[in-house]
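Just so it is clear, none of the values below were taken in a lab; they were calculated from the coordinates. It should be emphasised that the depicted structure is a prediction, and the values quoted were computed from it without experimental measurement. All Cβ positions, even for glycine, are placed from backbone atoms using ideal geometry, and neighbour counts span all protein chains on display.
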Amino acid sequence: MYTIIEHAEKWTKYCHLSSVVKKGVVLSVLSKRTELHLFRLYYNEVDTKHIREELKLREEQIEKENSHRQNLEEEIREKRRELGKLHRDQAGIEQDIKKCLRLNLFPRKSLENARQLHSSHRQEMDQLSAEYARILELKEEYERQQNKKSQEQGRSLELEDSQLAEYHRLKQKVAEHTSHLSAQLDSLSREYDEQKDLSDGLERRKEEIENSLRLKQTEMNDNQKRLQKLTEFIESSHRSIAELTETEKSISEEVEMAARRIEEINAELESVICQIGEAKVERHESSRAAKKQELIENLKRLFAGVVSKQCYNRRNSHFFLFTFVTCQKHGRLMEMCQPSHRRYQIAITKVLGKYMDGIVCDSEKTAKDCIQYMKDQRIEPETFLPLDFLDVKPVDEKLREINDPPNVHLVIDVITCDPVIAKKALQFACGNALVCETVEHARYVAYSMGERKKVIFYCVE
């Protein structure tokens, strides 16, 4: 008997040491995981900072390119307005040139007609002048002959009546002819002067039109050169705008990629932060569990009085797995219980609630001694279940007789309790709670069977 107890104590110590070693390993792993997550978090923050700086530079570059593009577009609009004005000026100059050509054509014709008329008048004047000179020569020749005859004959210059009459007749005839020619000559001279003035005016007008035409032609050539330069500038600006548009598109794609990368890094950062939080919680829970286990071991070592079972447990996301080792020490309620089927684990957890971690002890005195010890050691409060102090209500046997709906059981009936002495604490925690298969069954049992009942349901589906 002594050997069995000694063996049990050694086994307990071995289990305790194994638990401590396992917890130390778990804490070390959690610490390393935390360091790894912190390392990743640091470099993610560095990458995020670099990406944000690059994104800021890209945005500034895009802003500069947009400003430059706007300036180019404004300059293009200004050049287009200037080009339109040049087109209008060129059209006006072309109209002026056509008008000048039309005006120049009329003076040319008038000048040609005036020149022809002037030439004919000049010929007539030359003929009349020649005839007038010939008549004057004939008159002088006649007078010389008469004087010569008079001197030769020694007679006076007195003429006979017939000669005098002939002389007056010829003189009158010459005077009439001469006056006609003089009047015609004066008329032709005045017409010549008028035509010459007109010709001179037309020549001046022609020179003015030709000068204006040369000036307009020069302006048109200059405008064409400016138009060509503006066209080349507009084409160059369009090419620059196309290049800037491609650059903007490329930068926008890079910005979008950077934004997506930032989102990915932020998501990864959030995941890492969440993992760090979970690691901290897990480390805290592991530390807390270690402290609780240490508390149980200390209480078992210092206070005896309750038959219980110790359990080394591993927490899962939805349920607990229990492995039991027999010993005569204190223990928690959940360490003494095992569900009859795994599907009842969640329902049992909900029913036990705050009593699941309760420490089962034999008497109120033992509970008070334990509480005082915990106060002295400044340990977190715990729930104690002293068996001699619990007010346990009896089980309603009618609830075990429910057949419709099927598979309705008392929670206490789907839990195996070892040692049996802890059954009282289990009954205190569970009461008359029921477990059902579906929500509809739970509602039916709770509201449609007369007396209202506390029902914890479990849906197999």
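For V395, no residue has an amide H sitting under 5 Å from its own, ignoring neighbours fewer than 5 places away on the same chain, with H placed 1.01 Å from N. Run the quick spin-label model on A175 and K354: label points 7 Å from Cα toward the beta carbon, then report their separation in nm to one decimal. Each label point is offset 7 Å from its Cα along the Cβ direction, giving 16.6 nm. Restriction of the trypsin sites (Lys or Arg not before Pro) in region 342-415 to DSSP coil positions whose beta-carbon has at most 10 other beta-carbons within 10 angstrom yields R378. In this structure, the amide hydrogen of F384, modeled 1.01 Å from its nitrogen in the peptide plane, lies closer than 5 angstrom to those of I359, counting only residues at least 5 positions away or on a different chain.
Once you've got the Cα coordinates, tell me which of K56/K85; K375/K423; K49/K292 are over 32 Å apart. Cα-Cα > 32 Å for K56/K85; K49/K292; rest within. Listed by chain and number, the aspartates and glutamates whose alpha-carbon sits under 16 Å from that of K32, ignoring those within fewer than 8 places in the same chain, are E278, E282.
Label zone (S363, point 7 Å along Cα-to-C-beta; backbone nitrogen cut-off 12 Å) within region 375-400: 387-389.
Counting charges near V46 (Lys, Arg +1; Asp, Glu -1) among other residues having Cβ under 12 Å from its Cβ returns a value of 0.
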